[in-house]
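Engineer: Take a look at the following structure, please.
The values are calculated or read from the model by the stated rules, or taken from the named source; none is laboratory data. On a predicted model such as this, the values are computed, not experimentally measured, just so you know. For neighbour counting, all protein chains shown are included, and Cβ atoms are generated from backbone atoms with ideal geometry for every residue, glycine included.
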Amino acid sequence: MRPIASGPDGPPPSDPIRGSIRAAPARPRPGGPPLSSTKRPSGNAGQPPSTRRERRLAERDARRAREARRQSTPAWRSTTGLLTIAAIVVGVVAIGGLILLQSRPSANAGDLIPPTYPLDPAIPADGMTLGSSDAPVTLEVWSDFQCPGCGQFATVTEPQLRTNEITAGTLKLVIHDAAFQGRKSTAAFDESTQSAAAARCAGAQGQYFDYYDWLFANQSGENQGAFELPTLQSIATQIGLDMTAWQSCFDKGDQQQAVIESTNEAATAGVTSTPWLVINGEHWAGGYDYASLQPAIAAAAASASPGTSASPSAGASPSPDASTSPAASPSP
């Protein structure tokens, strides 16, 4: 019999003899793993699993991959973490804004400084006039609650005048508003006008000079927020005003308009700085310290009749110009 030719890859598949021969089952190698535990490929690489078992294995592997990625991402970068951080930031901003609103200058009575020389209740007061109506000398002062020179006059010179000349019945003090400082600011709340209006509303309850003293005791810069509404309300509370009546007076705006008109009149009449002093109709520019004023008041008392009134007219014969005083505050 002629031998069957075979090619490089084995016998041709059509060969009846070779094609009918089955390969003998493989035998395990000594010491090797059982054939049943040998991992078989689940299919061609990149091809979708075809059996239920292969699909379940693929799903399990995908879940494990997602879990690994999740664990490798910082907690703060997750959606929940970012939302939590955003909520915290919003909360901090809100709380900070509330604290800022509650900490405005002198909003509480505990932040206020009481006057060093409180008003003597024995001194007669009528609105913006302090002293006896029969006093032979009238000292008129055009003033601004934000003016540093006015503060110096009110807290240093005026207490001496009250103790001596006013208590003795020699002097009557009349205050006029010249709210120039607030006009230098573009703020909607004019602290010069509003503080003067607040004092006038206190005057409606007979406590103008009590309020006046508290304002000057708490003066702090010009247009810096020292006399914003919370402070004005706190002063009204501190001196024992009827707050409902005071607030109603303040909110009407009539007193603010009166302050504006007084300021315009002062400017028209030639008031160029504050404090602007007039003694029995004569503009006094010789200084507003007590040592300078006392001799002038004594001289006026010796020669003047009681009840003399004055206007801020710059046409009166002045003493040396008060504008040389470094504390005088010029009008705009």
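Engineer: What are the pairs, 6+ residues apart or on separate chains, where a residue within segment 288-316 that is crowded, with 17+ Cβ neighbours inside 10 Å and of a type in the set (Val, Ile, Thr) has its Cβ under 8 Å from a residue that is at pLDDT 95 or above and not in a loop (DSSP other than H, G, I, E, B)?
Structural biologist: Sorted first by the residue in segment 288-316, then by its partner, the pairs are Ile297/Val137; Ile297/Leu139; Ile297/Leu161; Ile297/Glu165; Ile297/Leu171; Ile297/Ile279.
Engineer: If Met243 satisfies all but one of (1) over 24 Å from Thr163 (Cα atoms); (2) in contact (Cβ under 8 Å) with a residue 12 or more places away in the chain, what's the number of the condition it fails?
Structural biologist: Only one criterion in (1) over 24 Å from Thr163 (Cα atoms); (2) in contact (Cβ under 8 Å) with a residue 12 or more places away in the chain is unmet by Met243, namely (2).
Engineer: For Ile235, which of the numbered conditions (1) surrounded by 15 or more Cβ atoms within 10 Å (Cβ to Cβ); (2) hydrophobic (A, V, I, L, M, F, W, C); (3) within 21 Å of Trp142 (Cα to Cα) fails to hold?
Structural biologist: Just one mismatch for Ile235, condition (3).
Engineer: Still on this structure, please answer the following. Across segment 124-149, which residue is surrounded by the fewest Cβ atoms within 10 Å (Cβ to Cβ) among those that are assigned to a loop (DSSP other than H, G, I, E, B) and charged (D, E, K, R)? Let's see the steps before the verdict.
Structural biologist: So in segment 124-149, the residues assigned to a loop (DSSP other than H, G, I, E, B) come out as 124, 127-128, 131-136, 144-147.
Narrowing the set further to residues that are charged (D, E, K, R) leaves 134, 144.
Working: Asp134: 9, Asp144: 31.
If we take residues in segment 124-149 being assigned to a loop (DSSP other than H, G, I, E, B) and charged (D, E, K, R), then Asp134 is surrounded by the fewest Cβ atoms within 10 Å (Cβ to Cβ).
Engineer: Val156: touching a strand residue (DSSP E or B) at 6+ places or on another chain (Cβ under 6 Å), of a type in the set (A, V, I, L, M) and modelled with pLDDT of 95 or more, yes or no? Break it down into steps so the answer makes sense when it comes.
Structural biologist: On the way: touching a strand residue (DSSP E or B) at 6+ places or on another chain (Cβ under 6 Å): no; of a type in the set (A, V, I, L, M): yes; modelled with pLDDT of 95 or more: yes.
Taking the combined requirement at face value, the residue does not satisfy it.
Engineer: Of all residues in segment 263-284, which are surrounded by fewer than 21 Cβ atoms within 10 Å (Cβ to Cβ) and in a helix (DSSP H, G or I)?
Structural biologist: The answer is Asn264, Glu265, Ala267, Thr268, Ala269.
Engineer: Further question on the same structure: Could you count how many residues in segment 211-257 are among the polar types (S, T, N, Q), assigned to a loop (DSSP other than H, G, I, E, B) and touching a Lys or Arg at 6+ places or on another chain (Cβ under 7 Å)?
Structural biologist: The first filter runs over segment 211-257 and keeps only residues among the polar types (S, T, N, Q), leaving 218-220, 223-224, 231, 233-234, 237-238, 244, 247-248, 255-257.
In the following step, the residues that additionally are assigned to a loop (DSSP other than H, G, I, E, B) were identified as 218-220, 223-224.
If we keep only those that are touching a Lys or Arg at 6+ places or on another chain (Cβ under 7 Å) too, we end up with 223.
The number of residues fulfilling the criteria is 1.
Engineer: Could you grab me the full set of residues in segment 160-187 that are part of a helix (DSSP H, G or I), within 35 Å of the chain's Cα centre (by Cα) and surrounded by 19 or more Cβ atoms within 10 Å (Cβ to Cβ)? Show your work before the answer.
Structural biologist: Our first condition is that a residue be part of a helix (DSSP H, G or I); within segment 160-187, this holds for 160-166, 181-184.
The next check asks that each one be within 35 Å of the chain's Cα centre (by Cα); those that pass are 181-184.
Matches in segment 160-187: Gln181, Gly182.
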